[in-house]
Amino acid sequence: MIDLKKILVPTDFSEFGQQALLYGCELASRFNAELHLLNVVQDAVAMFPER
């Protein structure tokens, strides 16, 4: 059996990110593991080309 102690869920809070969070919560509950949430955002600098 797998022994998970910590689970990291990266999310951007999009629809897919929210589904990942729900899945991570379920896993953490089943394995009595710590759940760590990582908010992922796009770098604003990368959105604009350099001059």
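Looking only at the range 14-42, count every residue that is out of contact with any helix residue (DSSP H, G or I) (no Cβ under 6 Å at 6 or more places or on another chain) and either under 19 Å from I2 (Cα atoms) or of a type in the set (K, R) (or both) and tell me the total.
In the first step, residues of the range 14-42 are kept if they are out of contact with any helix residue (DSSP H, G or I) (no Cβ under 6 Å at 6 or more places or on another chain); the result is 14-34, 36-42.
Then drop every residue that is not either under 19 Å from I2 (Cα atoms) or of a type in the set (K, R) (or both), which leaves 23-34, 36.
Within the range 14-42, residues that are out of contact with any helix residue (DSSP H, G or I) (no Cβ under 6 Å at 6 or more places or on another chain) and either under 19 Å from I2 (Cα atoms) or of a type in the set (K, R) (or both) number 13.
Within the range 21-51, which residues are part of a loop (DSSP other than H, G, I, E, B) and modelled with pLDDT of 90 or more? Please lay out each step first, then the result.
As a first pass, look at the range 21-51 and keep what is part of a loop (DSSP other than H, G, I, E, B): 32-33, 40-43, 48-51.
Across the range 21-51, the qualifying residues are N32, A33.
List the pairs whose first member sits in the range 7-20 and is part of a helix (DSSP H, G or I), whose second member is modelled with pLDDT under 95 and of a type outside the set (D, E, K, R), and whose Cβ atoms are under 6 Å apart, counting only residues at least 6 apart or on separate chains?
G17/T11; A20/T11
The values are calculated or read from the model by the stated rules, or taken from the named source; none is laboratory data. A quick note: this is a predicted structure, and the numbers were derived from the prediction, not measured. Don't worry about glycine lacking a Cβ; one is built from the backbone with ideal geometry, like all the others, and counts go over all protein chains shown.
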